[in-house]
Amino acid sequence: MSTTDTFTIAGKTYSSRLLVGSGKYKDLEETVKATDASGSEIMTVAIRRTNIGQNPDEASLTDVLPPSKITYLPNTAMCYTAEDAIRTCRLARELLDGHNLVKLEVLGDEKTLYPDVDQTYVALETLVKEGFEVMVYTNDDPIAAKRLEEMGAVAVMPLAAPIGSGLGIRNPYNIRTIIQNANVPILVDAGVGTASDAAIAMELGCDGVLMNTAIAGAKDPVLMASAMKKAIEAGREAFLAGRIPKKQYASASSPIDGTFF
Amino acid sequence: MNIFVNGESHDVSQNFTAEDLVIKLELQNAKIAMEVNLEIIPRSQYSNHTFQEGDKIEIVRAIGGG
């Protein structure tokens, strides 16, 4: 692919359109190998209490995949209120020496992990005022996506399907509508199960895809990371190339003229 | 006096600072952030931030997450 096909989030340009999570891996070694194989330049991290009993010499994620090597995207996973999400972002900024880029997700329900869009608006308003650059997880709802953009989100990230479900893009027409309406990058976040799902997201015109479970939960996470990298690139190239229209009947590929029979 | 660190009660001396706590928990070399009663304490303030009885302190780090 052309090296000029980049995209920009909050003023920083990236060439990989695959964003990865760093959760659910069996150990840090696997996290590093899969992240490397994915070619990702942005990785989500969670903010959690320090393990008080932990061995201080034990390696941590920030040692093996430091922010100097990959852009950190601290998330507000497991926050069910705007207040908790805002606290998490403030702690992340302090932790990462003033790093403003965050992924906002405010969840509504433990069973579906669907976003609570009302609380997401509340949190986004404060975070934007406080100078955060916010990538927002939301429903595949074109109205909500547009409103989040207008409120100052630097990227809007509709779900493909529930987090960790692997169901793929459940509502491709909504994702396409969101993309067509948008003036900020649109990334599919959550619900991708396998490489073809990632390719479909990119063929719809998404700027990127964020995934965690699809890679970390695969039998061979490193191989799946490599597959996802290729799927994202293939889907992007197919989108740029412009697919043929779908037709009900056949259309011969060999010339009709010049037949001798 | 008593303070709460990540939900656990700790008995500490008067004038115990954020820096003292970091040393007590052997987190000097860890990449952390600290919140006291919902307010962020910047790392540069650890040495002169003194805890009060009943303070609720959260110390966090970045870990794997999606």
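The values are calculated or read from the model by the stated rules, or taken from the named source; none is laboratory data. Fair warning: this is a prediction, and the values are worked out from it, not measured in the lab. Cβ: placed from backbone, ideal geometry, glycine included. Neighbour counts: every protein chain shown. Ligands, DNA and RNA are excluded from the accessible area calculation, which covers all protein heavy atoms including side chains. Shrake-Rupley method; radii C 1.70, N 1.55, O 1.52, S 1.80 Å.
Summary of values
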read-out	value
Under 14 Å, Cβ to Cβ, from B:Asn48 - net charge with Lys/Arg +1 and Asp/Glu -1	-1
Fraction of accessible area attributable to carbon and sulfur, the protein assembly as shown (%, probe 1.4 Å)	50 percent
For chain A, with +1 on Lys and Arg beta carbons and -1 on Asp and Glu, the positive-most of A:Ala160, A:Ser16, A:Gly235 along the dipole	A:Gly235
Selection from B:Ala18, B:Phe51, B:Phe4 lying farthest towards where the dipole of segment B:2-61 points positive, charges on Cβ	B:Ala18
For segment A:194-202, 3J(HN,Hα) per residue [Karplus equation, 6.51 cos²θ - 1.76 cosθ + 1.60, θ = phi - 60°, Hz, x = Gly/Pro]	8, 4, 4, 4, 5, 5, 4, 4, 6
Karplus (6.51, -1.76, 1.60) ³J(HN,Hα), θ = phi - 60°, over segment A:210-226, in Hz, Gly and Pro reported as x	10, 8, 9, 4, 4, 8, 5, x, 5, 4, 10, x, 5, 5, 5, 4, 5
Karplus-derived 3J(HN,Hα), 6.51/-1.76/1.60, for each residue of segment A:113-127, Hz, glycine and proline x	6, 5, x, 8, 5, 4, 5, 5, 4, 4, 5, 4, 4, 5, 4
Solvent-accessible area per residue for segment B:2-61 (1.4 angstrom probe, square angstrom)	54 Å²
Accessible area in the full protein assembly, largest first, 1.4 Å probe, for A:Met43, A:Met78, A:Met224	A:Met78, A:Met224, A:Met43
Alpha-carbon Rg with Dmax, taken over segment A:76-203, Å	14.1, 40
0 to 90° range, to nearest 10: angle between helix A:172-181 axis and chain A longest Cα axis	80 degrees
Average partner coverage of A:174-186, which counts Cβ from other chains inside 10 Å	0
Estimated buried accessible area (total), pair B and A, 1.4 Å, Å² to nearest 100	2500 Å²
Cβ-placed point charges (K, R +1; D, E -1), dipole of chain B about Cα centre in debye, nearest 20	280 debye
Antiparallel DSSP beta bridges within the protein assembly as shown, percent to nearest 5	50 percent
Rule-of-thumb Rg ratio for chain B [Cα; 2.2 N^0.38 Å; N residues]	1.07
Top positive-direction residue, dipole computed over segment A:118-226 with Cβ charges, set A:Ala201, A:Leu127, A:Met151	A:Ala201
Sum of -39500 (n - 2.57) over DSSP H runs of 4+, divided by residues of chain A (222 nm, nearest 500)	-11000 deg cm²/dmol
Hydrodynamic radius (Kirkwood) for the protein assembly as shown, which is based on Cα pairs only, to one decimal in Å	21.2 Å
